[in-house]
Every structure is written in C-alpha cells, then in structure tokens.
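Written out below as structure tokens is the structure these notes cover.
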C-alpha cells in the first residue's frame, strides 16, 4: 500500500549585491610665487683734494721775487744801512772827541772807511732747506647706500577635487520557489 505523500521542493532566495567603489582625486597646483629684487641705490659724493704749494720763500732765497717785495726789501736794507752809517759816524765822532786819550783814531777810521768788506763766496741761486711750503687736504668721499626690500607676491591655488560617488545595487540573483507535489492521493492508481 502506498500512502499519500506531500513532496516539497524549495529553492532559497539569493540576494545579489553589486558595489561600485567611490573615487576621489585631489590635485594641489603649486602656488604662484613672484620675487622682484629692486637694485640698491648708491650715491657717491667726492670733494676734490687740495694741494697748496707756496714757493714764495724759495723765490726770495734765489733773489727772484715780486717787484713790490723787492722794493720793500731794498727800502729795509737802505734804512738799516742809514742807521748803521749814523751809528758808525756817531762812534767815530765820539772817538775823535776823545783824541786826547791817546791812540790813533784818525788812521784807524781812515783805514776802516777805505776798505770794502770782504765779499763772501756763496751760492745764492739755491733756495734754503724747507723753503717750499706745502699743505695737502685729502678728498672726502661720502658713500650713501639705500637698500630696497624684495617684493614677494604669493598666490595660493585651491586644490582641485573630483569625487565620483560609489553605488550599491541590490537585486535577486535567484528567486525563491516552493514546489509542492502530492503523490499517491488517488486510490485508483494502485
């Protein structure tokens, strides 16, 4: 005898998940940088040097002087000669007044007045030592420097960001099913 049976065959559902990953890209452009260095400003001022040479004394030593100076010298020498002559005559007059004291003042005075003094032999065309006077004032140098600061300009650039969002897709990979079958239900099937 066959007993009636219920046969069940089931298939489980299967879920399918498909995922697309998100993508993010970040690019950082370099900053724009400009640097300018203005040149320094430099000024130089120079006062000229001065050299003074005074040869007046050297020319006078060589007897080559200006006519006004020569006239002054001749006038001084003439005045000194007159004073010396007056003093000599006064001395000789005093000696003659005292002739009674003895001595021979007339012959002594005649001999002194008749003889020229000995001329000295000397070189008059060579100036004396250190007769040329010099003075020197050195030049002055004034240097002025003005430095200029560098001009720096920096411009930062924003980062470039691109983003593609990810996706998750779900679906049924396999549908659920249930099959029910009945076996041996009818008696006539024996």
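Where a number appears in this text, it was derived from the coordinates with a stated rule and is not lab data. Quantities reported herein were computed from a predicted structural model and do not represent experimental measurements. Neighbour counts are summed over all protein chains in view; Cβ atoms, including those assigned to glycine, are modelled from backbone coordinates with ideal geometry.
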Given N residues in the chain, what is its alpha carbon radius of gyration divided by 2.2 N^0.38 Å?
4.29
Kirkwood hydrodynamic radius of the range 135-181, from inverse mean 1/r over distinct Cα pairs, in Å
22.2
Between residue 168 and residue 65, with labels modelled 7 Å along Cα→Cβ, what's the label distance in nm to one decimal, could you check?
12.6
Could you give the angle, 0 to 90 degrees to the nearest 10, between helix 67-97's Cα long axis and the longest principal axis of the Cα atoms of the chain?
30
I'd like to know how the range 106-155 sits against the 2.2 N^0.38 Å rule of thumb: what's its Cα Rg over that expected value?
3.81
Between the range 51-66 and the range 132-170, what is the C-alpha centre distance in whole Å?
64
Quotient of Cα radius of gyration and Kirkwood radius for the range 1-108, i.e. Rg/Rh, equals 2.30
Pick out which of 145, 132, 82 has the largest mean-square fluctuation in a Gaussian network model of the chain, springs linking Cα atoms closer than 10 Å.
82
Computed lengthening from residue 3 to residue 27, 0.36 nm per intervening residue step minus Cα-Cα distance
1.0 nm
Protection proxy ranking of 14-27, 110-123 - average other beta-carbon atoms within 10 Å, highest first:
14-27, 110-123
Please list the radius of gyration and Dmax for the range 57-96, considering alpha-carbon atoms only, with Å as the unit.
15.1, 46
Here the FRET efficiency for residue 106 versus residue 79, based on Cβ atoms and R0 = 35 Å and rounded to 0.05, is 0.75
Would you list the P(r) distribution for the range 84-190, with all Cα-Cα distances sorted into 5 Å bins from 0 and each bin expressed as a whole %?
2, 5, 5, 5, 3, 4, 3, 3, 4, 3, 3, 2, 2, 2, 2, 3, 2, 2, 2, 2, 2, 2, 2, 2, 2, 2, 2, 2, 2, 2, 2, 2, 2, 2, 2, 1, 1, 1, 1, 1, 1, 1, 1, 1, 0
Once you place label points 7 Å from the Cα toward the Cβ at residue 35 and residue 125, how far apart are they in nm?
7.5
Any chance you could run the full-extension gain for residue 151 through residue 181? It's 0.36 nm times the residue separation minus the Cα-Cα distance, nm to one decimal.
1.5 nm
Counting helices only, and only those DSSP H runs with n ≥ 4, report the 222 nm mean residue ellipticity of the chain as the sum of -39,500 (n - 2.57) divided by its residues, in deg cm²/dmol to the nearest 500.
-8000 deg cm²/dmol
